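For reference, the structure I am asking about is given below.
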Amino acid sequence: MAYNFNNAIIRKLNKSIQNGLSSKNLHPQYKIVINEHSNYIKAIKEAGLKINLLEPLEKYPDSIFVEDPALIYKSNIIILNPFDQTRNGEKDIIKEEIKHLFDNILLVENGFVEGGDILNLNNHFIIGLSNRTNKEGAENLSNILKKLGATVDVCMTPDNILHFKSECSVIDDDVILVSYKMAKLDYLKSNYDLIELPIGEEGASNSLRINDKLLLPDGFIRAEEILSKKYNIIKVKVNEIAKVDAGLSCMSLRW
Ligand code: CIR
């Protein structure tokens, strides 16, 4: 299943996170982020995962977002190609750090693609084209995934959304939690059951289903009401770290 995991990779927090890329031009306070990040780690442990902790990278302000430079599929690690020049070098470092955990390393060599734009449902992947992922990168990654036995569709990310997954997440088999903007995508509407969150609760749409738990960003009352009927929720506060456009999925790689 798309949410059954045993292991996670998380990078320790760097002070330079204060200078991470921010679509809102905000700077999170390091001291507050320390708490949020450590609570995130606790929540991942509570969901039952064994954590592989990577060392912090001060040179790369956004390097705790380990989901963006790498993708795990079966026992393969695929090293992606982050678009932003301040992040691109993360891929070479993470490759060396985690290659021993997987049987095979593959590389996206042409175009740009970031993990935040890749939604995985079992053996199917949706790659969202965005300001960070272009056609060439999506095509290169599709070819790699197809050779490994997956199916792939490429879809547009709506305007003003950083990554495809910034506003959606897989929460059950063929069930995707979506913001109102993502709910308008014909591709998603015609292929999946969508749970649509109301305007103002976009931040909750990047939730993280892990085994029998659903990690939900704290502070979204409607989302909690809707989802707590069916899911075993762990609330995780990410208000400060959200200033650099973080969601829950981006701070770990899971397999
Ligand atoms: C960035 O702009 O790259 C970071 N500040 C946030 C990355 C979030 N990544 C993700 O949602 N997969």
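All of the numbers you see were taken from the coordinates with simple rules; none came from a lab. Computed from a prediction, not measured in an experiment: that's the story for all the values here. Methodologically, a virtual Cβ is constructed for each residue, glycine included, from the backbone with ideal geometry; neighbour enumeration extends over all protein chains shown.
Computed from the mean reciprocal separation of all distinct C-alpha pairs, what Kirkwood hydrodynamic radius does the chain have, in Å?
18.0
Once amide H atoms are built 1.01 Å from N in the peptide plane, which residues 5 or more positions from residue 214, or in another chain, come under 5 Å H to H?
Residues meeting the amide H criterion: 232, 233, 234.
Students often forget the sequence filter, so: which aspartates and glutamates lie under 20 Å Cα-Cα from residue 91 once same-chain residues fewer than 8 apart are removed?
By straight Cα distance, residue 91 reaches 55, 58, 62, 67, 68, 103, 109, 114, 117, 136, 139, 245.
Please list, in order, the residues from the stretch 153-171 whose amide nitrogen is less than 17 Å from a point placed 7 Å along the Cα→Cβ vector of residue 222.
Only 167-169 pass the distance filter.
Please give every one of the lysines within straight-line cross-link reach of residue 235, meaning a C-alpha to C-alpha distance under 26 Å, and leave out same-chain neighbours fewer than 8 residues apart.
12, 15, 24, 31, 42, 45, 50, 165, 181, 213, 243
Now for a different question. Between rounded, prolate and oblate, where does the stretch 127-205 land on the alpha carbon gyration tensor, with a ≥ b ≥ c its root eigenvalues, rounded for a/c under 1.5, else prolate if a/b exceeds b/c?
oblate
Within 10 Å, at most 14 other Cβ atoms, and a DSSP state outside H, G, I, E, B define an exposed site. Report the longest part of the chain free of exposed trypsin sites (Lys or Arg not before Pro). Let's see the in-between values first.
On the way: sites that count: 12, 24, 59, 74, 229, 230.
No qualifying site falls inside 75-228, the longest such stretch.
Under 20 Å Cα to Cα from residue 147, which lysines show up? Leave out anything in the same chain fewer than 8 places away.
74, 99, 135
Give the distance, in whole Å, between the Cα centre of the stretch 1-77 and the Cα centre of the stretch 221-254.
Rounded to whole Å, the Cα centres lie 14 Å apart.
Follow-up. List the GluC sites (Glu not before Pro) within the stretch 9-78 that fall in a DSSP loop (any state other than H, G, I, E or B) and whose Cβ has at most 12 other Cβ atoms within 10 Å. Don't jump to the answer; show the numbers that get you there.
Values: sites: 36, 46, 58, 67; in loops: 58, 67.
Qualifying residues, ordered by number: 58.
How big is the charge dipole of the stretch 7-254 about its Cα centre, in debye rounded to the nearest 20, if each Lys and Arg gets +1 on its Cβ and each Asp and Glu gets -1 on its Cβ?
Numbers: 31 positive and 35 negative charges, 108 e Å.
Dipole size: approximately 520 debye.
Continuing with this model, one more query. Work out the P(r) tail for the stretch 80-158: percent of alpha carbon pairs separated by more than 16 Å, whole number.
So the pairs more than 16 Å apart make up 51 percent of the total in the stretch 80-158.
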